[in-house]
Amino acid sequence: MDNKATEKVHCLIIGSGPAGYTAAIYAARANLKPVLYQGIQPGGQLTITTEVENYPGYADGVQGPEMMVDFEKQATRMGADVRFGLATKVDFSEQPYKVWIDDEKLIEADAVIIATGASAKWLGLESEERLNGFGVSACAVCDGFFFRGKEVAIVGAGDTAAEEALYLSKLCSAVHMFVRRDEMRASKVMQERVFKTPNIKIYWNTETEEILGENKTEAVRIKNIKTGESQTIPVSGFFVAIGHEPNSTIFKGWLEMDEAGYLKTIPGTTKTNVEGVFAAGDVQDKVYRQAVTAAGTGCMAALDAERWLGEKGLH
Ligand code: NDP
């Protein structure tokens with residue numbers, strides 16, 4: 001690694017969803033001169049959604065990608081240095097912390113804010129990809145409202161699927177829930193709630209073969225794994241709730257994480273087990289996962305970083 005490829009920064013932010021950009025806005029206004037690397041999907045998960053109606057401040061709703069352009073503009077206007085590039089490796093063994101971008105450039109940072117988010121898992125069907133945003137969604141809280149009074153389907157059997165099925169049952173006329181085994185992984189209390197809800201119909205031992213429709217979701221073809229029987233169910237929406245993967249692989253061995261890879265933070269703060277390294281947004285949140293909660297923890301991370309830098313005499 002030659003020295004020309006090394007750069008020293010005061011506050012490095014990794015990730016460009018609501019958490020990363022909000023951290024950048026606060027850090028820039030606190031004169032931490034933040035440098036933000038956007039990662040593989042600038043703007044994060046919201047860039048693959050359509051309309052966002054639950055982010056406060058947008059009275060008429062906003063398209064997800066447009067909202068993230070607004071976030072970026074605001075961060076840039078405050079003075080954040082927003083760059084394209086993917087963090088590929090870190091070394092948190094000593095100060096300043098080392099983060100490699102695109103396997104070539106080395107950044108040395110006094111404080112690091114990790115806001116790398118999570119990615120929804122998908123079934124991997126061609127039709128699922130093609131109809132994504134056209135009836136296919138991985139977020140019931142974001143998109144359920146568009147299917148008020150209609151029939152929808154959901155695949156998954158964990159707490160998220162149970163929670164989302166219950167959420168959808170309050171909006172939709174019927175929720176068809178596809179479970180691949182003969183039992184659910186969700187906690188008993190969540191299962192009970194699902195079982196007690198009259199407009200949720202569970203299909204056990206069921207896999208999704210295809211989502212049908214040209215430009216919008218019209219039906220789903222499923223197969224009973226035990227009997228081999230297929231059937232087609234007309235639905236307007238198809239929700240995938242088979243889990244998320246936090247984007248935390250490069251921090252393995254450095255930061256404490258749970259068994260699923262979510263970074264652990266000290267409750268009520270964004271502090272990780274390494275001082276000066278903070279985590280915000282979905283990479284450390286498997287429960288709420290909302291743009292507004294991610295933005296909230298992004299703000300917290302910048303304030304925590306500012307305070308920590310001050311305490312260390314670095315700011
Ligand atoms: P989980 O990993 O717990 O569950 C994923 C579910 O999707 C499983 O039932 C799994 O089936 C199913 N699945 C996986 N792949 C496929 C596939 N290809 N086809 C069909 N089904 C598939 O993820 P969750 O997002 O539900 O939860 C993650 C964590 O967050 C859990 O620890 C959960 O308890 C927690 N959580 C807590 C909440 C709360 O407390 N309110 C709310 C939401 C999440 P199988 O069971 O057969 O493996």
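Kindly check whether there is at least one residue in the range 3-10 that is in contact with a Phe, Trp or Tyr (Cβ under 8 Å, 6 or more places away or on another chain), in the same structural domain as Arg289 (by TED's automatic domain parsing), at negative phi and not polar (S, T, N, Q). So far as the range 3-10 goes, no, none of its residues is in contact with a Phe, Trp or Tyr (Cβ under 8 Å, 6 or more places away or on another chain), in the same structural domain as Arg289 (by TED's automatic domain parsing), at negative phi and not polar (S, T, N, Q). The residue of the range 144-158 that is nearest to Thr208 (Cα to Cα), among those that are outside any helix (DSSP H, G or I) and of a type outside the set (A, V, I, L, M, F, W, C), is Gly156.
When each of Ile266, Ile222 is tested for being more than 16 Å from the ligand (Cβ to nearest atom) and either under 23 Å from the mean Cα position of the chain (by Cα) or under 19 Å from Gly158 (Cβ atoms) (or both), the lone residue that passes is Ile266. Would it be correct to say that Val141 is more than 18 Å from the chain's Cα centre (by Cα) and either away from the ligand (no atom under 16 Å from the Cβ) or under 19 Å from Gln290 (Cα atoms) (or both)? Taking the combined requirement at face value, the residue does not satisfy it.
Can you tell me which residue in the range 14-55 is nearest to Ala280 (Cα to Cα), limited to those that are part of a helix (DSSP H, G or I) and among the polar types (S, T, N, Q)? Here the residue is Thr22. Tell me yes or no: at least one residue of the range 159-167 is within 16 Å of the ligand (Cβ to nearest atom), outside any helix (DSSP H, G or I) and in the same structural domain as Ala219 (by TED's automatic domain parsing). Scanning the range 159-167 turns up no residue that is within 16 Å of the ligand (Cβ to nearest atom), outside any helix (DSSP H, G or I) and in the same structural domain as Ala219 (by TED's automatic domain parsing).
Scanning the range 238-259 for residues that are within 21 Å of Ile40 (Cα to Cα), open to solvent by 30 Å² or more (accessible area, probe 1.4 Å) and either within 14 Å of the ligand (Cβ to nearest atom) or assigned to a loop (DSSP other than H, G, I, E, B) (or both) yields His244, Glu245, Asn247, Lys252. Evaluating Asn205 against the criteria (1) in contact with a strand residue (DSSP E or B) (Cβ under 8 Å, 6 or more places away or on another chain); (2) farther than 20 Å from Ile14 by Cβ; (3) free of Cβ contacts under 8 Å to residues at least 24 places away in the same chain; (4) not charged (D, E, K, R) leaves one unmet condition, (3).
Taken over the range 176-207, the criterion of being within 8 Å of the ligand (Cβ to nearest atom), closer than 19 Å to Gly237 by Cα and open to solvent by less than 20 Å² (accessible area, probe 1.4 Å) is satisfied by Phe178, Val179. Scanning the range 276-315 for residues that are among the acidic types (Asp, Glu), away from the ligand (no atom under 16 Å from the Cβ) and within 11 Å of the chain's Cα centre (by Cα) yields nothing. The set of residues in the range 260-307 being assigned to a loop (DSSP other than H, G, I, E, B) and touching a Gly at 6+ places or on another chain (Cβ under 6 Å) consists of Ala280 alone. Search the range 115-127 for residues being in contact with a helix residue (DSSP H, G or I) (Cβ under 6 Å, 6 or more places away or on another chain) and among the small types (Gly, Ala, Ser), and hand back the single one that is farthest from the ligand (Cβ to nearest atom). Only one residue tops the list, namely Ala115. Taking the options Lys121, Lys150, name whichever one is modelled with pLDDT under 95 and open to solvent by 50 Å² or more (accessible area, probe 1.4 Å). Only one candidate qualifies: Lys121.
Residue-by-condition table, conditions (1) within 16 Å of the ligand (Cβ to nearest atom); (2) not hydroxyl-bearing (Ser, Thr, Tyr):
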residue	(1), (2)
Thr76	no, no
Phe84	no, yes
Val90	no, yes
Ile113	no, yes
Val155	yes, yes
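The values are calculated or read from the model by the stated rules, or taken from the named source; none is laboratory data. This is a predicted model, so every value here is computed, not measured. Heads up, the Cβs are rebuilt from the backbone with ideal geometry, glycines too, and the neighbour counts pull from every protein chain shown. Side chains are part of the model used for accessible areas, which takes the heavy atoms of the whole protein and leaves out ligands, DNA and RNA. Shrake-Rupley method; radii C 1.70, N 1.55, O 1.52, S 1.80 Å.
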